[in-house]
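Reviewing the structure listed below.
Derivation of every value follows stated rules applied to the coordinates shown; laboratory data play no part. Nothing here was measured: the structure is a model prediction, and the numbers come from that model. Because the Cβ atoms are built from the backbone with ideal geometry, glycine has one as well, and the counts that use them run over all protein chains shown.
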Amino acid sequence: MASDRSTDRFHGRVHASGRPCAYPDCGEAGEFRAPDPQGQAPSANGPGDYQYLCLDHVRQFNAGYNWFAGMTADEISMAQSPVQFWPSETRAFRANGNVDSPPKWADFKDPLDAISTRFRSRLPKERADGQILSPEDRKALRTLGLGEDADRRALRSAYSAKVRAYHPDKNGGNRSYEKALQDVIAAYTHLKTSPAFI
């Protein structure tokens with residue numbers, strides 16, 4: 001009598017298949033599936049043909065089965081390579097196991113909103129000209145006192161005005177603005193090479 005599938009100690013048993021064991025002169029039930037050496041081999045079109053064997057004969061078959069039989073050394077190496085079965089790069093897990101974060105939006109456009117919808121509240125803001133600003137871009141614009149839609153002309157004008165205001169040679173030798181001047185120079189240097197301003 002066949003045991004319950006959930007408590008069966010033999011993994012892979014096909015219950016009540018009604019097939020006899022394919023091994024010659026064996027009267028047992030063929031309850032275990034194994035590749036059929038006489039049938040269609042596995043290919044891109046499917047797994048190939050199977051034969052059904054009893055427990056003793058499937059154990060005997062497995063002991064002598066060599067999946068790599070007939071392959072060259074290069075074919076074996078390719079079959080063992082993870083690239084063969086997983087050709088594309090996957091997203092990296094974070095240390096806390098969380099992968100539920102938006103991708104780098106500056107890397108691509110999402111015109112159909114296929115991905116953006118899920119992360120809408122966290123999406124970077126897009127300028128009127130369609131360019132996407134990174135968090136660093138927005139921070140640099142704030143340092144220069146500019147809005148997100150500023151153009152290169154506004155960028156140069158704001159930079160010049162800030163340098164005149166903060167440079168010791170322009171404000172009577174007052175050196176208390178040195179840190180602010182450094183921030184302005186860093187912001188301008190960043191923005192003039194940002195994709196949104198090229």
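Once R0 is set to 41 Å, what does the formula 1/(1 + (r/R0)^6) return for the Cβ-Cβ distance between ALA73 and CYS26, expressed as a FRET efficiency to the nearest 0.05? Display every interim value, and only then the final one.
Working: r = 37 Å, r/R0 = 0.89.
After rounding to 0.05, the efficiency reads 0.65.
Compute the length gained on full extension between GLN131 and ALA63: take 0.36 nm times their separation in residues and subtract their Cα-Cα distance, giving the result in nm to one decimal.
Working: separation 68, 0.36 × 68 = 24.48 nm, distance 6.23 nm.
This chain segment gains 18.3 nm when fully extended.
How far, in nm, would the chain grow between ARG142 and ILE198 when pulled straight, counting 0.36 nm per residue and subtracting the alpha carbon separation? Don't jump to the answer; show the numbers that get you there.
Details: separation 56, 0.36 × 56 = 20.16 nm, distance 1.87 nm.
Fully extending the segment from ARG142 to ILE198 adds 18.3 nm.
In nm, to one decimal, how far is the modelled label at LEU55 from the one at ASP151, with both set 7 Å along Cα→Cβ?
8.2 nm
SER81 to ASN174: extension gain in nm, 0.36 nm per residue of separation minus the Cα-Cα distance? Spell out each step's value before the answer.
Values: separation 93, 0.36 × 93 = 33.48 nm, distance 6.59 nm.
Length difference between fully extended and current span is 26.9 nm.
Using only the alpha carbon atoms of the stretch 136-198, find the Kirkwood hydrodynamic radius as the inverse mean reciprocal pair distance, in angstroms to one decimal.
Working: mean 1/r = 0.0848 Å⁻¹.
For the stretch 136-198, the Kirkwood estimate is 11.8 Å.
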